[in-house]
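Notes follow the structure.
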Amino acid sequence: MYDYLIVGAGLTGSVIAHELRGRGKSVLVVDKRKHIAGNIFTENISGIHVHVYGAHIFHTNSKAAWDYVNQFADFNRFTNSPIANYKGEIYSLPFSMYTFNKMWGVKTPEEARAKIESQKRESGITNPANLEEQAISLVGRDIYERLIKGYTEKQWGRPCSELPAFIIKRLPVRYTYDNNYFNALYQGIPVSGFTEMVNRLLEGCDVRLSCDYLTNRSELDGLAGKVIFTGQIDSYFGYSLGHLEYRTLRFEHEVMKGITNFQGNAVINWTDIDVPYMRTIEHKHFYPGLETDSTVLTHEYSAEWRPGDEPYYPVNNERNNSLCGEYRKLAREKCPDVIFAGRLGEYKYYDMDAALLRAVEIAAQIS
Ligand code: FAD
Ligand code: UDP
């Protein structure tokens with residue numbers, strides 16, 4: 001018997017497991033995948049810690065979150081500065097003076113503001129109600145059309161006019177020559193990969209991999225006093241109220257022997273709708289100074305989630321948020337002792353720092 005069964009060995013499940021172990025609880029962690037670490041899983045390929053499920057850069061303004069992860073890994077000083085490729089033209093991301101200069105030839109913040117203001121005025125938007133209107137208000141129509149529209153519609157599979165405005169607010173808009181993608185005081189990547197970090201978090205816990213809770217439910221429930229579930233909340237209830245929507249991703253990995261530097265940057269965003277993938281990652285650039293005789297690339301494709309696919313992004317629109325509310329209500333009525341946590345359990349677009357702070361909070365509340 002264990003005090004707790006944690007379903008999911010991703011960051012959320014592993015942080016909760018670590019916290020509970022620290023309070024003297026016994027913990028069994030199960031994951032249906034054949035490895036730990038969930039979506040932050042990294043695998044050593046040709047001497048490079050490859051981000052198997054897409055680019056993951058730890059970034060935060062929370063000193064508590066930064067100090068927390070640094071207990072389990074040595075972080076490098078990687079700063080994310082992706083570039084956008086639109087029909088062969090290269091632009092700097094996020095939206096900064098470098099981008100405005102390339103787009104319009106403007107050189108000062110004042111000129112850039114004037115250009116954006118005039119494009120915003122021409123569009124007649126006063127109170128942005130969706131992602132398209134929000135984007136045009138923030139950076140003008142030219143940038144919206146070249147750097148946002150195609151990329152966003154590939155990522156979410158919906159017109160920008162039907163997406164919530166908050167998604168684009170994740171990106172900084174800067175009137176300075178600073179192309180750090182994140183507004184974060186602390187930023188980096190574990191030099192030995194995220195998997196090693198999660199491995200340390202899970203020390204002292206029993207872990208069972210390739211084990212789907214939903215198909216081994218009665219046996220697993222019998223092993224523990226309480227369940228913490230970090231999988232999809234709708235899957236827990238057999239989708240009885242209907243499916244929540246997600247976006248899934250497909251990753252095409254390519255090892256290039258004998259090539260040491262293929263694209264010159266860790267992340268290239270393909271912002272033209274005609275390029276089928278969204279991003280190409282060249283993993284070795286996540287580790288500045290790393291010397292290897294090959295390189296590994298990953299092309300990332302986005303698609304609508306269907307049952308059986310991996311759910312990567314919750315689609316937090318009105319319909320889904322309200323359905324998730326119904327599932328939460330069902331959880332309170334049917335299984336008040338089960339804790340639903342993490343990106344899938346709470347159906348929230350959590351970055352790693354938010355996921356880990358929430359996990360620490362949950363562990364403190366329940367133990
Ligand atoms: P997950 O990592 O999804 O873990 C859930 C685990 O539960 C999975 O391993 C799954 O297999 C398991 N599971 C589910 N159902 C069952 C079941 N029935 N039985 C057993 N196991 C089950 N955040 C950042 O801060 N910086 C970034 O740069 C960044 N980039 C990202 C890029 C991509 C492409 C994606 C998708 C996300 C990115 N994130 C980033 C967010 C980050 O991945 C999440 O914050 C973090 O992984 C959340 O961890 P989690 O444990 O909640 O979820
Ligand atoms: N985005 C964009 N063009 C880009 C990069 C991002 O339009 O080149 C938009 C897109 O709508 C995306 C949002 O900004 O959904 C947030 O991007 P972020 O990189 O934060 O998304 P992530 O993949 O990290 O969840």
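The values are calculated or read from the model by the stated rules, or taken from the named source; none is laboratory data. Owing to the predicted nature of the structure, the values given are computational and were not obtained by experimental measurement. Quick reminder, even Gly has a Cβ in these numbers, built from the backbone with ideal geometry, and neighbours come from all protein chains shown. Quick note on the areas: whole protein, heavy atoms, side chains included, nothing else; ligands and nucleic acids left out. Shrake-Rupley method; radii C 1.70, N 1.55, O 1.52, S 1.80 Å.
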### Task
Can you confirm whether segment 107-116 contains a residue that is within 14 Å of ligand 2 (Cβ to nearest atom) and either open to solvent by less than 70 Å² (accessible area, probe 1.4 Å) or of a type in the set (D, E, K, R) (or both)?
no
### Query
For segment 201-223, how many residues are open to solvent by 60 Å² or more (accessible area, probe 1.4 Å) and either assigned to a helix (DSSP H, G or I) or modelled with pLDDT under 95 (or both)?
6
### Qualifying positions in segment 20-62 - among the acidic types (Asp, Glu) and either at positive phi or open to solvent by 30 Å² or more (accessible area, probe 1.4 Å) (or both)
GLU43
### Task
Give me the pairs, please: first residue somewhere in segment 336-351 and assigned to a strand (DSSP E or B), second residue anywhere and not hydrophobic (A, V, I, L, M, F, W, C), beta-carbon distance under 7 Å, and either six or more positions apart or on two chains.
PHE340/GLU346
### Query
Conditions: (1) outside any loop (DSSP other than H, G, I, E, B); (2) exposed (fewer than 15 other Cβ atoms within 10 Å of the Cβ). ASN127 meets all but one. Number of the miss?
(1)
### Task
Take GLN187 and decide whether it is touching a residue at least 60 places away in the same chain (Cβ under 8 Å), within 14 Å of ligand 2 (Cβ to nearest atom) and under 20 Å from PRO311 (Cα atoms).
no
### Message
Taking the criterion of being within 16 Å of ligand 2 (Cβ to nearest atom) and hydrophobic (A, V, I, L, M, F, W, C), would at least one residue in segment 17-27 satisfy it?
### Response
no
### Task
List the number of the failed condition for TYR91; all other conditions in (1) more than 23 Å from THR176 (Cα to Cα); (2) modelled with pLDDT of 95 or more; (3) not in a helix (DSSP H, G or I) hold.
(1)
### Task
Consider VAL15 carefully, then state whether it is open to solvent by less than 20 Å² (accessible area, probe 1.4 Å) and within 14 Å of ligand 1 (Cβ to nearest atom).
yes
### Query
Residues SER235, SER240: which one is more than 30 Å from GLY47 (Cβ to Cβ), modelled with pLDDT of 95 or more, over 20 Å from the mean Cα position of the chain (by Cα) and within 11 Å of ligand 1 (Cβ to nearest atom)?
SER235
